[in-house]
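Working notes for the structure below.
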Amino acid sequence: MKITVNSIPHDVTGPTLHDLLVELGYITQGQPLALATALNDQFIAKSDRHEIALYSGDRVEILTPMQGG
Amino acid sequence: MKLYDTDLTSRLLLGTAQYPSPSVLLDAIKASATQVITVSLRREMPQGSAGGFYRLLQEANCHILPNTAGCHSASEAITTAKMARDLFETDWIKLEVIGQSDMLAPDVFELVEAAKILAKDGFKVFPYTTDDLSVGERLLDAGCDVLMPWGAPIGSGQGLRNPDRLRAMRAHFPNTPLIVDAGIGRPSDAIQAMELGMDAVLLNTAVAKAGNPVEMARAMSMAVRAGRMGYLADPMERRDMAVPSTPVFGLAELS
């Protein structure tokens, strides 16, 4: 299915948000990077990523810690 | 100083952006003796470099204050705050809702709205706001226990453009922690803020963009302490005319 991740189109299998993170390499060998997720502008907690199913056309935001003032 | 339920001995909060290198950042954090550092959230590619920064944050061993920098609406800021809480495992949030990009001025209407919703959701909100008293009152009503008025536009290093307004905030909110956030350029600016009775100073660019960030971090730390001591020591009144400090009585009559 077509999912947009941080504004870049991807073709992924899914079916969950967690699967997408693994598929795109955000989670490797079970070790998640420190990251936060949102789906279609709604925050998704890390504890919910296994449950959240994706649908074609969904927009995912994946954010990580960055320097800030 | 107490910010929400957390006791802090340092009154300097330090931003982590724009340093020449991660090691300079870490050294500056240590030299500043800060206990609170601000961070942000940004998009990342798989296997990106963010893991290194996350490890650096753990090494810094400070309280993390995530910001919502770059957000222009309450809803963006709220979602960003929730993502930050999930990632950094803290309910602290430096709430920035920017209305006007040239001056990075807070949009106080969206700010109050976001503060209300976040405070209700259990966040401990540190709002980046103007020095307007009515806005400050609205933020306290919204559930904020801390106010962070600007001293000058973010990153400008202009120092306190309107010290009278900060003095008025101190008088109007005697029991609310007030943190000058933005505009500090030099140690003298930090001293001035603390002498006005501000509880703390939050700065980033002044240290990060100094020729020697680590020395500037140390200088800012000393400035904040000096300013606080000066405030507590109750400075003398200013006078319009000279008043001799050496006694006039007993002066020899010579020609």
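Compute the whole-percent fraction of alpha carbon pairs in the range B:2-233 spaced more than 28 Å apart.
Here the long-distance tail beyond 28 Å is 24 percent of all Cα pairs in the range B:2-233.
On average over all directions, what projected area in square nanometres does the range A:2-63 have, based on the convex hull of its Cα atoms?
3.7
Quick one: which of A:K46/B:K120; A:K46/B:K116; B:K2/B:K94 span more than 18 angstrom between C-alpha atoms?
Pairs exceeding 18 Å: A:K46/B:K120; A:K46/B:K116.
Measure off 7 Å from each Cα along the Cα-to-Cβ vector at B:D234 and A:D41, then give the distance between these two points in nanometres to one decimal.
For the pair B:D234/A:D41, the computed spacing is 5.6 nm.
Can you give the calculated 222 nm mean residue ellipticity of chain B, where each DSSP H run of n ≥ 4 adds -39,500 (n - 2.57) and the sum is split over every residue, rounded to the nearest 500 deg cm²/dmol?
Calculated mean residue ellipticity at 222 nm is -12500 deg cm²/dmol.
For a quick check of your reading of the filter: which trypsin sites (Lys or Arg not before Pro) in the range B:154-255 sit in a DSSP loop and have no more than 11 other Cβ atoms within 10 Å?
Answer in residue order: B:R238, B:R239.
Would you please name the GluC sites (Glu not before Pro) within the range B:168-255 that are DSSP coil residues with at most 12 other C-beta atoms within 10 Å of their C-beta?
B:E237, B:E253
Using DSSP to define loop residues, name the GluC sites (Glu not before Pro) in the range B:1-106 whose beta-carbon has at most 15 other beta-carbon atoms within 10 Å.
B:E89
Helix B:133-142: angle to the longest alpha-carbon principal axis of chain B, degrees 0 to 90, nearest 10?
Taking the Cα atoms of chain B, the angle to B:133-142 is about 40 degrees.
What is the helix-to-structure angle for B:163-172, meaning the angle in degrees between its Cα long axis and the longest Cα principal axis of chain B, kept from 0 to 90 and rounded to the nearest 10?
80
Kindly express, to the nearest 10 degrees and within the range 0 to 90, the angle between helix B:108-120's C-alpha long axis and the longest C-alpha principal axis of chain B.
Roughly 70 degrees between the two axes.
Out of all Cα-Cα pairs in the range B:113-229, roughly what percent, to the nearest whole number, are more than 18 Å apart?
Value for the range B:113-229 (Cα pairs over 18 Å): 49 percent.
Cut-off is 10 Å between beta-carbons; in what order do B:F109, B:F249 appear when sorted fewest neighbours first?
In increasing order of surrounding Cβ atoms, one gets B:F249, B:F109.
Considering only DSSP beta bridges with both partners in the protein assembly as shown, what is the antiparallel share in %, to the nearest 5?
DSSP beta bridges in the protein assembly as shown are roughly 50 percent antiparallel.
All of the numbers you see were taken from the coordinates with simple rules; none came from a lab. Computed from a prediction, not measured in an experiment: that's the story for all the values here. Backbone-built Cβ (ideal geometry, glycine too); neighbour counts: all protein chains shown.
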